[in-house]
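Rule-based calculations on the coordinates, nothing more; no lab input. All values derive from a computational prediction rather than experimental measurement. Note: ideal-geometry Cβ built from the backbone for every residue, glycine included; neighbour counts use all protein chains shown.
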Amino acid sequence: MSKEFFVDSDLCTGCNDCVKALPKHFVATDEDTAEVTSCDGADGAKVQQVMDACPGKAIKWKA
Ligand code: SF4
C-alpha cells in the first residue's frame, strides 16, 4: 500500500499546482482549495516534489 497524504485546507492557497501535477490524486474544490481524491498508486517521490513546491506547505503525509 502506498503512503497516504492529505491537504490541510486551512493552509491551501488554491493555486492548483498539485491538481495540474498529479490530477489522478488531487482535485480542485468549490472552496478554492484542493483535496486528495485517492492516494492509490501514487509515486511517493512525485508526491514529495509536489509537497515541497506547494506554496502553503499544505500537503502532508498521514502519520
Ligand atoms: S499546491 Fe498546495 S496550495 Fe496549491 S492547490 Fe495544492 S495544496 Fe493548495
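Screening the candidates Ala45, Ala28 for the property of being hydrophobic (A, V, I, L, M, F, W, C) and loosely packed, with under 13 Cβ neighbours inside 10 Å yields one hit, Ala45. Counting the residues of the stretch 10-19 that are under 10 Å from the mean Cα position of the chain (by Cα) and either in contact (Cβ under 8 Å) with a residue 24 or more places away in the chain or farther than 13 Å from Ile59 by Cα (or both) gives 3.
Please find, among Ala45, Ala63, the residue that is more than 10 Å from the ligand (Cβ to nearest atom), free of Cβ contacts under 8 Å to residues at least 24 places away in the same chain and not in a loop (DSSP other than H, G, I, E, B).
Result of the check over Ala45, Ala63: Ala45.
When the stretch 1-38 is limited to residues that are acidic (Asp, Glu) and assigned to a loop (DSSP other than H, G, I, E, B), the one that is farthest from the ligand (Cβ to nearest atom) turns out to be Glu4.
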